[in-house]
1. Please go through segment 37-55 and pick out each residue that is within 12 Å of Ile78 (Cα to Cα) and surrounded by 15 or more Cβ atoms within 10 Å (Cβ to Cβ).
2. Tell me, please, whether a residue that is among the charged types (D, E, K, R), within 14 Å of Gln105 (Cα to Cα) and either free of Cβ contacts under 8 Å to residues at least 60 places away in the same chain or not in a helix (DSSP H, G or I) (or both) can be found in segment 29-42.
3. Can you name the residue in segment 108-125 that is loosely packed, with under 13 Cβ neighbours inside 10 Å and modelled with pLDDT under 65 and is also nearest to Leu67 (Cα to Cα) among such residues?
Amino acid sequence: MSRWIKFFLAILIGLSAGLYYAWLVNPVQVVDTTPDTLRIDYRADYTLMVAEIFEMEQDPAEAARRLGRLGSEPPAQIVQQAIIYYEQAALPVSAPQPDLARLIQLRDALQLWNPTTSEGTGGAP
């Protein structure tokens, strides 16, 4: 019977020490950040999501607005960086051809898009 008491006592001490350390000694610090600070792989994934939405909506102004969250570069340049990343990434599974085609379609539409004559938001915020 004393083995069980020692076992549960060890569990209780370990749990208490872990909670003390996590809550008082070294608590988690939440940092608010913006999308323009993302690593290149996450930026490329976000850009691909914008390209997928653009494929359905066909609204370059809205796509440019969404891409504007990634920085102050021109939207077509942001898409081009994602294309380069997916083409050069040494990943076990690189971007499938339909994804690259979506990115190229978005880049081409943004290169032709003129924010001064476009309706809607008029470009990146």
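1. Of everything in segment 37-55, those that are within 12 Å of Ile78 (Cα to Cα) and surrounded by 15 or more Cβ atoms within 10 Å (Cβ to Cβ) turn out to be Arg43, Ala44, Asp45, Tyr46, Thr47, Leu48, Val50, Ala51.
2. no
3. Restricting to residues being loosely packed, with under 13 Cβ neighbours inside 10 Å and modelled with pLDDT under 65, the top hit is Pro125.
The values are calculated or read from the model by the stated rules, or taken from the named source; none is laboratory data. Keep in mind that what you see is a predicted model, and the values were worked out from it rather than measured. Using ideal geometry, Cβ is built from the backbone for each residue, glycine included, and neighbour counts are taken over all protein chains shown.
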